[in-house]
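Participant: Before I ask anything, let me first share the structure, which is written out below as structure tokens.
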Amino acid sequence: MGAALVLLLSICFLLPFSFVRSSSVPPLLGAHPLDEKYFASKVIKCKDGSRVFTRDRLNDNFCDCVDGTDEPGTSACPAGKFYCRNLGSTPQFIFSSRVNDRFCDCCDGSDEYDGSINCPHTCIMGGSVVYESHHGISRVSDLGNIYGETKNRISLDDLIEKLKGLKVVIILQVLLISCVVAFRIFRRHAARRKRRGYQWGNPIRTTSIMAAFGFGRTSYV
């Protein structure tokens, strides 16, 4: 009876974890096709060289790499990029923060996979990388060109975001310097008032000042 109870409790404990694992994000979701070999090894290195992670941590919704290498298909890493394959249209990268944000960014709807919203497939058929490959054009070469163009566009977006952040930092620095200058001016004026109060409160100093102005002298008639 005791062994059966332990077995039942073990099953109840493991069922939620098995369900989460079965409903987890596919490992290569959001990854560029050219990166499939990069993610094929059991131990993968972050593209920025900061650290390594095992393949089972790929798209586990926990950010291991600062640059988001390990989370191409989730929004766990702020610096991550999600690759929209957009079959039938032009592939593109989007910021990982847009994944499952209840807004359809990819025309194939691949960025909204959690089921909270239904994104229709709006990619325009024809003229895509997939269809052109049937006419003798190298698919890998085209994907590489698109990858480079999209990467440059994302770099420009990142630069704009950094400039905005730098502007905020400069404004904060100016405010801080203004506060420091105002505080020093206030202290200087306070020190001057304190010295003046001390001079008038000093009997000897007060007597000499009054004597200088003719006050306090005894007049004889």
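The values are calculated or read from the model by the stated rules, or taken from the named source; none is laboratory data. Only a predicted model underlies this, so the values are computations on that prediction, with no experimental measurement involved. Cβ coordinates were reconstructed from backbone atoms using ideal geometry, including for glycine residues, and neighbour counts include every protein chain displayed.
Participant: Answer yes or no: is there a residue in region 62-75 that is at pLDDT below 75, part of a loop (DSSP other than H, G, I, E, B) and surrounded by 11 or more Cβ atoms within 10 Å (Cβ to Cβ).
Facilitator: no
Participant: Restricting to region 86-122, count the residues that are assigned to a loop (DSSP other than H, G, I, E, B), on the phi < 0 side of the Ramachandran plot, without any contact (Cβ under 8 Å) to a residue 60 or more places away in the chain and surrounded by fewer than 19 Cβ atoms within 10 Å (Cβ to Cβ).
Facilitator: Total satisfying the criteria: 15.
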